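The values are calculated or read from the model by the stated rules, or taken from the named source; none is laboratory data. Every value quoted in this text rests on a predicted model; they were computed, and no experiment measured them. Heads up, the Cβs are rebuilt from the backbone with ideal geometry, glycines too, and the neighbour counts pull from every protein chain shown. Side chains are part of the model used for accessible areas, which takes the heavy atoms of the whole protein and leaves out ligands, DNA and RNA. Shrake-Rupley method; radii C 1.70, N 1.55, O 1.52, S 1.80 Å.
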Amino acid sequence: MYFLQQSYRRLILGHPLLCLLLIAGLVGCLAVYIPSGKLDASADALVLEGDTDLAYSRLINTRYGSSDFLLVTYAPQGDLYSDETLARIASLRDELLAVETVSSINSVLDVPLLYSPPVSLTEISKGMSTLSQESVDRELARAEFASSPIYRGMLTNADASITVLQVILARDEQYFELLEQRESLRELRRSGGLSSEQEVELANVTQIFKDYAVEVNDRQIRVVAAVRAILDSYRDKAEIFLGGVPMIAVDMIAFVQSDLAVFGSGILIFIIVLMVVIFRRVQWVILPLVICCTSVTLMLGWLAFIDWRMTVISSNFVAILLIVNMSILIHLMVRYRELAAQGDDRNQEELVWETVRSMARPCLYTTLTTLVAFASLVVSGIRPVIDFGWMMTLGVSSALILSFVILPAALMLLPREQRQTRVEGKPFTLFFAGLTEHHGRKIIVLFSLLLISAVYGITQLQVENRFIDYFDESTEIYQGMETVDAQLGGTIPLDVIIDADPQVLADMQAGGAVFNSDFEEGFDDLDELEAPVNLPPQELAIDEELDGFDDEFDESFESSFDDDSGASPEALNYWFTVSGMRQITKVHEYLDGLEQTGKVLSLATLYEVLGDLMGRDIDDIQLSLAQRNLPEEVGDVLVNPYYSAENHQLRFSVRVMETSRSLRRDELLQKIRHDLVAQLGFKEEQVHLTGMLVLYNNMLQSLYRSQILSLGAVFATIMLMFFVLFRSLKLSIIAITPNVLAAGIVLGGMGLAGIPLDMMTITIAAICIGIGVDNTIHYIHRYRYEFSQDQNYVAAMYRSHGSIGKAMYYTSVIIIFGFAILALSNFRPSIYFGLLTGVAMVAALIGALLLLPRLILIFKPFGQGAQ
């Protein structure tokens with residue numbers, strides 16, 4: 001320890017200018033990388049890392065050809081089916097089709113019409129009409145879009161006042177190939193099966209994927225910008241909103257960029273104002289400002305250099321780093337000014353060294369507790385939260401180092417602070433000391449009531465929330481989702497996948513093989529029996545004609561078992577039977593009847609359409625023939641998205657009403673799974689639920705576990721650190737109590753206010769403990785020193801409140817108002833994060849100035865003392 005102290009004094013205090021120049025050079029080298037920093041707002045931010053359902057979801061998306069798309073809601077001022085409106089929609093569609101990566105558009109003008117007027121299967125095979133054709137009866141089309149089992153609630157709302165254009169983006173096969181390579185190698189690593197060569201391959205593929213993802217994000221930003229530019233020229237005669245996952249990702253990136261700028265500049269301005277009010281000296285404004293900016297620049301440059309991307313969660317990184325760094329600096333500056341005010345003959349180096357020596361231990365421990373809080377976030381299992389935890393761990397570490405290097409070195413280049421001749425009033429914090437001494441019982445009662453309320457509030461905590469509530473009502477994300485939810489069948493996708501019963505399928509395959517063999521043998525026998533022998537010429541001609549008909553029938557029959565998709569006849573017969581379709585219809589009607597679901601599409605839609613078109617009950621043969629004779633464009637709409645013949649699998653596409661106040665994702669998913677098994681007779685292994693609703697729910701449900709694990713890790717580690725620092729179990733328990741209460745107040749307050757846990761609010765309790773415990777460490781460290789002077793608990797309390805209490809108060813004010821700046825965000829979780837953290841820090845400060853000294857007076861952890 002002595003060697004480290006002397007090395008620090010010799011290097012930092014002995015060569016201050018050289019130290020500052022080296023740091024300036026390092027920061028300058030890293031600063032050039034900041035413009036190349038990347039932002040990430042992909043859908044991975046909403047899912048749980050390592051979630052097995054994620055791999056299944058990607059498999060289903062690949063199997064059924066799902067592609068990204070944008071939704072354009074179009075509410076015309078006039079009649080939707082008027083010439084002018086349809087012409088404008090056609091013009092809008094054509095302009096959108098010319099946008100980069102747009103492959104096709106589904107609109108009322110483009111989809112095939114089956115009921116305008118009703119057509120037969122023969123007419124379907126000859127081609128379908130669309131609303132863009134002048135010969136189509138628009139009133140029939142209006143009725144079809146309002147009542148058709150395919151289009152109702154999908155392309156127009158009930159009163160045809162709003163329509164939607166689905167802008168389908170071309171599937172980026174290279175992106176998904178790279179993703180598949182990365183995920184397959186990651187899965188091997190999780191199972192412990194990666195060789196050294198595969199480790200290198202994984203690193204290469206990961207980097208290639210990250211680089212290509214940047215291209216994809218840039219292209220996505222261009223596409224959304226181009227679409228918006230087109231839409232702007234059509235807003236004069238219609239109310240238009242843009243929606244879809246790509247648009248949300250782009251806007252969230254814009255939110256991150258805005259938050260980084262707003263939070264950073266806002267807190268810097270606040271720091272300047274506060275430093276002027278507190279210290280009233282130019283040097284005490286410029287120095288902390290320069291050090292904070294240096295710390296942020298260093299970290300942003302480093303993150304850009306190693307290609308570590310910012311997310312919506314880590315958009316708070318700059319603000320929190322500034323706050324934490326400033327709290328360290330204030331403690332150093334207040335201590336230096338205290339020593340300088342004593343008026344002794346120590347020179348500048350001695351003053352600076354004493355400041356560093358006396359503050360090194362408490363600042364180190366306060367920083368370590370903060371690191372523990374942020375590092376605990378890595379157990380969340382949510383990649384953006386994990387990244388945020390590691391970013392802040394590195395950021396806080398660099399802030400501590402820079403604070404103890406730049407500030408002392410800079411002070412060595414400045415003249416010694418002179419003793420102030422101005423008489424200052426009593427510190428405001430002495431008011432809390434008076435309350436502690438004279439109203440101790442009331443303080444205990446008050447905090448006991450708060451603890452009881454917090455415990456009750458924590459029992460009311462929930463993770464269910466509406467994704468739409470993450471955004472302000474003025475944002476296009478909110479308005480677009482609300483419109484689609486209320487008028488056009490729901491926003492959040494849920495796929496219900498049902499596999500064939502393995503046992504029944506095996507029986508059918510075995511029976512089908514026997515049937516085919518017997519059938520072929522029977523025809524061979526008939527051919528032998530019917531071989532013509534010395535027939536007259538006329539009868540021979542007739543027999544040859546019949547043989548030709550037999551051959552044609554044989555070919556037709558055999559072709560009915562030849563599926564280009566790779567399906568076997570048994571696969572087709574498993575679902576494409578009347579009984580199979582009736583079972584599918586029951587599932588469809590069940591899903592459609594749930595309160596929280598909107599539009600549901602499946603093979604039941606095809607069955608209903610065929611029943612309408614054929615005008616009679618359909619038997620198994622007609623159903624199979626109809627399926628095989630559907631034109632490609634109809635099959636692409638009614639069959640392929642909902643049926644995989646090769647895998648004997650059904651897909652029910654469900655859109656869930658995100659704006660529904662009754663939506664409880666986990667309860668809904670459990671109910672669907674239970675009812676499909678218990679009521680509709682499927683086996684558990686046949687039923688699978690997937691889609692964004694499932695992945696998002698998995699992430700939310702993990703928050704309870706993550707909150708318990710992170711808080712448990714924080715409490716255990718901090719208690720251990722307290723014991724090492726204070727060498728007293730009693731004092732460690734006393735020290736942790738105010739911080740436990742602060743965390744309980746914020747979590748209980750969330751439960752009582754109905755604010756759910758989410759990706760942002762899950763971090764509050766751990767962070768509040770990590771930052772709030774700084775006050776506890778500083779206060780106890782100073783209290784122990786003051787108590788050693790006269791062994792008087794009460795006098796030591798007053799002196800501690802009047803000295804370190806001021807620094808605690810200043811730092812807490814910076815933290816509280818600094819986090820309050822997050823309320824300027826467009827992202828609601830950031831607003832909650834800022835305000836709730838501010839509330840927690842108020843509770844932590846009051847606990848440190850009232851409850852903590854009261855507990856010390858009661859339990860006397862330093863010995864009996866004079867009183």
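Overview of values
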quantity	calculated
Conditions (1) more than 20 Å from Ile401 (Cα to Cα); (2) assigned to a helix (DSSP H, G or I); (3) in contact (Cβ under 8 Å) with a residue 12 or more places away in the chain: number failed by Asp307	(2)
Subset of the range 844-867 (residues that are modelled with pLDDT of 90 or more and among the small types (Gly, Ala, Ser))	Gly847, Ala848
Top-ranked residue in the range 148-198 [being polar (S, T, N, Q), open to solvent by 40 Å² or more (accessible area, probe 1.4 Å) and in contact with a strand residue (DSSP E or B) (Cβ under 9 Å, 6 or more places away or on another chain); ranked as farthest from Thr130 (Cα to Cα)]	Ser161
Single condition Ala765 does not satisfy, out of (1) modelled with pLDDT of 85 or more; (2) surrounded by 20 or more Cβ atoms within 10 Å (Cβ to Cβ)	(1)
Which numbered condition Ile821 fails, given (1) farther than 27 Å from Leu377 by Cα; (2) at pLDDT below 85; (3) open to solvent by less than 40 Å² (accessible area, probe 1.4 Å); (4) not polar (S, T, N, Q)	(1)
Test: residue in the range 364-377 that is open to solvent by less than 10 Å² (accessible area, probe 1.4 Å), in a helix (DSSP H, G or I), modelled with pLDDT of 80 or more and under 20 Å from Tyr785 (Cα atoms)	yes
Qualifying residue in the range 75-89 (condition: surrounded by 15 or more Cβ atoms within 10 Å (Cβ to Cβ) and at pLDDT below 90)	no
Yes/no for Arg228 being touching a strand residue (DSSP E or B) at 6+ places or on another chain (Cβ under 9 Å), open to solvent by 40 Å² or more (accessible area, probe 1.4 Å) and either basic (Lys, Arg) or modelled with pLDDT under 85 (or both)	yes
Candidate set: the range 788-801, residues that are among the small types (Gly, Ala, Ser) and out of contact with any Lys or Arg (no Cβ under 9 Å at 6 or more places or on another chain); chosen: the one least open to solvent (accessible area, probe 1.4 Å)	Ala795
Residue satisfying all of: in the range 425-481; among the small types (Gly, Ala, Ser) and in contact with a Phe, Trp or Tyr (Cβ under 7 Å, 6 or more places away or on another chain); nearest to Arg665 (Cα to Cα) among these	Gly480
Candidates Ile278, Ile271, Ile291 - the one that is farther than 19 Å from Pro829 by Cα and touching a Ser or Thr at 6+ places or on another chain (Cβ under 7 Å)	Ile291
Entirely in the range 116-212, the helices (runs of 4 or more DSSP H) that have 3 or more residues that are hydrophobic (A, V, I, L, M, F, W, C) and at pLDDT below 85	173-190
Breaking point among (1) over 25 Å from the mean Cα position of the chain (by Cα); (2) surrounded by 15 or more Cβ atoms within 10 Å (Cβ to Cβ), for Ala304	(1)
Residue among Leu725, Leu720, Leu731 that is modelled with pLDDT of 85 or more, more than 30 Å from Ile468 (Cα to Cα) and crowded, with 16+ Cβ neighbours inside 10 Å	Leu731
Flag for Val356 being out of contact with any Ser or Thr (no Cβ under 8 Å at 6 or more places or on another chain) and open to solvent by less than 20 Å² (accessible area, probe 1.4 Å)	yes
Count - residues of the range 378-389 that are assigned to a helix (DSSP H, G or I), among the aliphatic types (A, V, I, L, M) and either touching a strand residue (DSSP E or B) at 6+ places or on another chain (Cβ under 6 Å) or within 14 Å of Met760 (Cα to Cα) (or both)	3
Residues that are among the polar types (S, T, N, Q) and in contact with a strand residue (DSSP E or B) (Cβ under 9 Å, 6 or more places away or on another chain), drawn from the range 602-622	Ser602
Cross-chain or 6+ apart pairs with Cβ under 7 Å, the range 665-694 first and closer than 19 Å to Val463 by Cβ, then among the charged types (D, E, K, R) and crowded, with 21+ Cβ neighbours inside 10 Å	Gly691/Asp495; Leu693/Arg665
Among residues of the range 86-125, those that are in contact (Cβ under 8 Å) with a residue 40 or more places away in the chain and closer than 14 Å to Asp137 by Cα, counted	7
Some residue of the range 778-787 being open to solvent by less than 10 Å² (accessible area, probe 1.4 Å), under 23 Å from the mean Cα position of the chain (by Cα) and at negative phi	no
Odd one out for Gln627 among (1) closer than 30 Å to Asn465 by Cβ; (2) outside any strand (DSSP E or B); (3) touching a residue at least 12 places away in the same chain (Cβ under 8 Å)	(1)
Selection within the range 597-623 - open to solvent by 30 Å² or more (accessible area, probe 1.4 Å) and among the polar types (S, T, N, Q)	Gln622
Where a residue in the range 806-820 is under 15 Å from Cys292 (Cβ atoms) and its partner, wherever it lies, is among the hydroxyl-bearing types (Ser, Thr, Tyr) and open to solvent by less than 30 Å² (accessible area, probe 1.4 Å), with Cβ under 9 Å and at least six apart	Tyr810/Ser327; Thr811/Ser327; Ile814/Ser327; Ile815/Ser327; Ile815/Thr837
